[in-house]
Amino acid sequence: MQPANQPTLYELLEGLPTGVTGEILNGQLHTHPRPSGPHGRAANCLDRIIGRYFDFGDGGPGGWWIFTEPEVHFLRDAEVTVPDLAGWRRERMPIPPEDHRFEVVPDWVCEIFSPSTASRDREIKLPLYAHYGVPYAWLIDPVARTLEVYQLDAGAWLEIDRFAAADQVVAPPFEAVSIDLRGLWLPGRPRIVERR
């Protein structure tokens, strides 16, 4: 039972200073600062690529909503994650929420490691995503220059592929395009090859 004058975890999360991201994971408030340059570069490039083909449908199949750092409420104001990127198939979420709370389980999440978040992303958030039935998860390490692709199988994560820096990536749930991973961490424009 919450003491009368004590703020809830979500009230504490809402009161965090600008530049600090908060999440409520397994009943505990976790915070971390804004991302590093390599983290931000990878997130920005991947958002542009996936968003172009799957959210905007520009030369790709469309049919998705792609968001950066959405506040996903698996349990309203009690189990709250902020993945670096997340996507929803439009048939499951026809319109985005009016406020900042996304209460429909994502169809895909992507976590990009920073030194302060890598163990939390892998050891706490990945199992949480499985528990709530997120079908696909990507883990990106911009320092090691790797992408791990996971698919939920009978409630547990199955690693279906692992890519390194120079690999051309075709990975579910976005198999309609092939992405040159080098563009996520090196200067220049990421190269995309459409697959139809």
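Remarks
- Number of the exception - Pro173 against (1) in a loop (DSSP other than H, G, I, E, B); (2) modelled with pLDDT under 95: (2)
- The stretch 53-84, subset buried (at least 22 other Cβ atoms within 10 Å of the Cβ) and out of contact with any Gly (no Cβ under 9 Å at 6 or more places or on another chain), residue farthest from Ala118 (Cα to Cα): Gly60
- Complete set of residues in the stretch 23-52 that are in contact with a strand residue (DSSP E or B) (Cβ under 9 Å, 6 or more places away or on another chain), among the small types (Gly, Ala, Ser) and touching a residue at least 12 places away in the same chain (Cβ under 8 Å): Gly27, Ala42, Ala43, Gly51
- Scanning the stretch 142-170 for residues that are in a strand (DSSP E or B) and modelled with pLDDT under 90 returns Gln168, Val169.
- Number of residues in the stretch 53-86 that are small (Gly, Ala, Ser), free of Cβ contacts under 8 Å to residues at least 60 places away in the same chain and on the phi < 0 side of the Ramachandran plot: the value is 1.
- Within the stretch 72-95, being in contact with a helix residue (DSSP H, G or I) (Cβ under 8 Å, 6 or more places away or on another chain) and under 16 Å from Glu14 (Cα atoms) holds for Asp77, Ala78, Glu79, Val80, Thr81.
The values are calculated or read from the model by the stated rules, or taken from the named source; none is laboratory data. Note that the structure is a prediction, hence the values are computed from the model and not measured. Positions of Cβ are backbone-derived with ideal geometry, glycine not excepted, and every protein chain shown enters the neighbour counts.
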